[in-house]
Amino acid sequence: MKVKLMLLFLLFGSALIYAQWSTSSYTPTLIASDAGEQVLPKVAVHTNGNTYISYFDNSSGSYKLWVKLLTSTGEAAWQSPVQCSGTVFDSWLTDYDLCVDQEGNAIVAFQDLRNGYNSVFAYKISSAGQQLWGDTGLSLSYNASTEAPDMVPVLLTTSDNYTYIAWQHKSMPGSVQLQRVSSQGNPAWAVPITLTVIEQTTPTSVTWPQLIETDNNAVIMKYFVDVGTSYFPSRYIKSACVSTNGNFLWETAITQTSGISPWTQIIGFQPDGNGGAVFSWHDDRDSNNAYQAFYSHISSTGQLITPIGGAYVSSLTNYQHFYPRVICDPVAQKAQVVMRITTLDQNQYGVIMQEFDYTGNRLLGDEGRQLESIRNTDYDPLYAWNHEGLFHYIRSVTNSSNPNIQMISAVHNNEVGYYSSWGTNHLALTETSKLHNDFYPHPDGYVICVWEDGSSNGDIYAQKYWYTGNVGLCNDAPANVSAELIPPSSVLVSWQAPPFSAPIGFWVQLGDTLAELPTSSNQYTFTDVAPGFYHVIVRALYEGGHFNSQGTTITVTEVANDDLVASAERLTIAPNPLHSFGSLSWQTTKAGNAAVSLYNLRGQKVLSETLSSVPGENSFTLNCYGLPAGIYFLRMRTETGTFNKRLVILP
């Protein structure tokens with residue numbers, strides 16, 4: 001009796017041990033805990049992993065802005081934080097911004113009273129802690145005054161290493177001003193560009209800019225047009241594109257109806273990967289005290305792809321829809337939105353998500369997918385993130401019986417394209433309030449989260465959240481794992497070391513047979529495998545004797561004695577990876593039927609075909625349209641043998 005092996009995997013991994021990033025949700029990484037109050041943290045991460053965290057501290061008797069640098073391993077890069085000199089108002093603070101440029105320097109901008117009124121200043125700090133734009137920073141305000149202060153700057157460094165800085169000029173009526181600054185700290189324009197609206201009958205202000213990069217190092221700016229009084233205006237969303245020479249390339253209205261509350265200031269605003277942008281927000285456009293959430297998409301040329309006013313996220317009625325968080329998957333050309341819902345009286349809470357294609361069609365039904373049912377526990381999505389097709393959102397969790405305690409957790413779907421199976425991991429389980437969260441993603445597959453702790457004097461904490469769901473350590477899986485039948489009864493398992501981890505060994509197990517291998521190993525052969533069904537596990541071992549979580553199975557199946565178990569080389573799939581269609585080619589010496597089956601990583605059969613074979617070369621067009629992106633295993637049985645091949649479907 002010969003055996004045929006059909007191999008289906010989930011992988012295991014380990015992680016590099018970080019000296020400072022905490023691996024416990026009960027003891028997050030402490031960033032600042034001086035005698036005074038530390039508040040309003042911001043975070044920015046360079047591609048090399050260097051992490052800048054800024055915050056205000058009033059230990060000296062007045063608020064000062066400090067910047068701290070951590071290495072990729074979470075260790076402090078400087079002996080002490082760098083102070084950005086200035087005079088910030090003692091009794092209240094407003095928002096500010098932090099970013100990192102292409103060379104790994106931090107840029108921070110905030111409003112300052114050193115001139116007797118609020119003006120905008122920016123500082124550039126190198127990874128060595130040097131003030132590259134001078135000890136007193138770069139003054140950006142042009143016509144600020146006591147009656148018309150400049151406030152709340154936002155930053156964006158583009159691919160050419162120039163930095164756009166936009167802020168609100170609180171004149172009457174108010175406007176938004178924008179400047180572009182070189183890496184040396186030289187303004188590109190003689191005076192900032194001013195975006196204003198001239199209205200003859202009703203005072204109209206431009207407020208709350210947000211920035212993303214588009215084609216040719218230009219910038220798309222979202223802003224509000226506020227008509228009427230500043231404390232309760234009719235608020236509309238608009239966008240404009242500004243070129244590197246300061247010209248407005250286009251302006252487009254996103255909404256034409258009011259209903260956005262005055263305390264809604266920062267909305268969902270993300271690049272689509274094609275030079276355009278997506279928006280998400282909530283409003284009460286029907287004036288019925290029931291807020292609904294909306295999604296909009298604009299192209300790089302300013303064309304509104306979704307209808308004016310946006311497409312609603314969920315058709316569910318009798319609920320309030322608040323603060324939708326949006327993120328794009330440019331590979332799949334889709335956007336996901338996750339939001340908090342409440343009962344109309346806002347006493348119970350839940351979570352809904354929706355997925356849109358780039359034309360604005362809802363892909364999870366008109367109501368969306370309810371991730372948390374209505375209950376007393378408040379699950380409030382804070383941040384949305386997409387990594388290699390998997391959707392993650394980070395949320396605060398508050399029980400209504402104790403609203404001063406918030407936990408922070410992260411949730412992600414377990415399979416690309418499916419939203420019915422979710423994993424939950426915790427970032428912070430300390431029993432304190434957690435305020436003024438900020439997040440920054442890194443392309444290697446993690447997000448740095450910072451927050452102000454509501455206990456004592458408001459210390460600053462951070463966590464490093466990996467796409468695996470772990471904090472501090474990635475605990476990644478071995479990469480490119482494969483298995484091959486070596487006739488008549490051996491199995492060769494191969495793998496590569498985890499890309500973001502440093503395991504101290506590997507364990508490979510088939511049924512009751514276990515092999516413990518050194519880190520130099522990348523394959524192992526099981527011999528004399530008897531017919532039957534086995535679990536095959538590939539795990540990476542790391543310091544402390546820990547493994548990453550368990551994965552899927554390898555199934556061993558008996559076939560008839562006269563079957564010839566053919567090698568995978570006799571079956572080809574081209575292209576592989578493929579998007580929707582591929583060509584199967586195989587050889588056989590007998591005419592007859594060929595049974596084709598395709599399995600996902602869970603071992604579920606997702607496709608089957610019965611084909612006719614002729615002696616010699618055969619081919620067939622495989623239609624994978626509509627199958628989620630991911631790894632699959634194709635099995636073909638003909639009159640002369642059984643073939644196996646690994647297949648990757650791209651979005």
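Of the Cα atoms belonging to segment 305-424, the radius of gyration and Dmax stand at 14.2, 44 Å. With the dipole of the chain worked out from charges on the C-beta (+1 for Lys and Arg, -1 for Asp and Glu) around the Cα centre, which of PRO173, ALA335, SER494 lies farthest toward the positive end? Checking the options against the dipole of the chain, the answer is SER494.
Placing +1 on the Cβ of every Lys and Arg and -1 on the Cβ of every Asp and Glu, with no other charges, gives segment 247-392 a dipole of roughly 40 debye about its Cα centre.
For segment 384-486, the Cα-based Rg and Dmax, in that order, read 16.3, 65 Å.
Taking every eigenvalue of the Cα gyration tensor of segment 268-331, multiplying by 5 and rooting it, what semi-axes result, largest first, whole Å?
Working: eigenvalues 117, 30, 14 Å².
One finds semi-axes of 24, 12, 8 Å for segment 268-331.
Positive end of the dipole of the chain, charges at C-beta (+1 Lys, Arg; -1 Asp, Glu), about the Cα centre: which of PRO307, PRO192, SER409 has its Cα farthest in that direction? It is PRO307. Accessible surface ranking for LEU584, LEU249, LEU363, 1.4 angstrom probe, highest first: LEU249, LEU363, LEU584. Computed over neighbours whose Cβ is under 10 Å from that of SER183, the net charge equals -2, Lys and Arg +1, Asp and Glu -1.
Within segment 216-343, all pairs of alpha-carbon atoms sorted by distance into 5 Å bins from zero give the percentages 2, 10, 21, 23, 19, 14, 7, 3, 1, 0. Across the chain, what fraction of all alpha-carbon pairs, as a whole percent, falls in each successive 10 Å bin from zero upward? Percent of Cα pairs in each bin: 3, 14, 22, 24, 18, 11, 6, 3, 1, 0.
Size of the dipole of segment 330-386 about the Cα centre, Lys and Arg at +1 and Asp and Glu at -1 on the beta carbon, nothing else charged, in debye to 20?
That gives a dipole near 120 debye.
Here segment 38-132 is described by how far its Cα atoms reach on the three principal axes: 39, 25, 20 Å, from widest to narrowest. The phi-based Karplus calculation (6.51 cos²θ - 1.76 cosθ + 1.60; θ = phi - 60°) puts the 3J(HN,Hα) values of segment 492-501 at 9, 10, 10, 7, 10, 4, x, x, 10, 9 Hz, whole numbers, x for Gly and Pro.
Counting heavy atoms of the protein chains alone, MET407 has an accessible area of about 50 Å² for a 1.4 Å probe.
Accessible-area rank, largest first, for LEU390, LEU514: LEU514, LEU390, with all protein chains present and a 1.4 angstrom probe. Once the whole set of protein chains is in place, how much accessible area is left on TRP451, using a 1.4 Å probe, in Å² to the nearest 10? Solvent-accessible area, nearest 10 Å²: 0 Å².
Students sometimes get this wrong: rank GLU639, GLU415 by accessible area, probe 1.4 Å, all chains present, largest first. Mind showing how you got there, number by number?
Details: GLU639 90, GLU415 40 Å².
If we order GLU639, GLU415 from most to least accessible, we get GLU639, GLU415.
Using the Cβ of SER141 as centre and a radius below 14 Å, the other residues enclosed give a net charge of -1, where K and R count +1 and D and E count -1. As a fraction of the 1.4 Å probe accessible area of the chain, surface on carbon and sulfur atoms comes out at 48 percent. Across segment 289-398, C-alpha contacts under 8 Å between residues 6 or more apart give a mean separation that, scaled by the residue count, equals a relative contact order of 22 percent.
The C-alpha atoms of segment 369-422 occupy a region whose extents along the principal axes are 37, 19, 12 Å, arranged from largest to smallest.
Volume per residue of the convex hull around the Cα atoms, evaluated for segment 309-364, comes out as 80 Å³. By a 1.4 Å probe calculation restricted to protein chains, THR572 has an accessible surface near 70 Å², given to the nearest 10.
Using only the Cα atoms of segment 29-72, construct the convex hull and provide its projected area averaged over every direction, in square nanometres to one decimal.
Working: hull surface 12.1 nm².
Over all viewing directions, segment 29-72 projects a mean Cα-hull area of 3.0 nm².
Per residue, the solvent-accessible area of the chain (1.4 Å probe, heavy atoms of protein chains only, all protein chains present) comes to 41 Å².
The values are calculated or read from the model by the stated rules, or taken from the named source; none is laboratory data. It should be emphasised that the depicted structure is a prediction, and the values quoted were computed from it without experimental measurement. Note that each Cβ is placed from the backbone with ideal geometry, even for glycine, and that neighbours are counted across all protein chains shown. All accessible areas refer to the heavy atoms of the entire protein, side chains included, with ligands and DNA or RNA removed. Shrake-Rupley method; radii C 1.70, N 1.55, O 1.52, S 1.80 Å.
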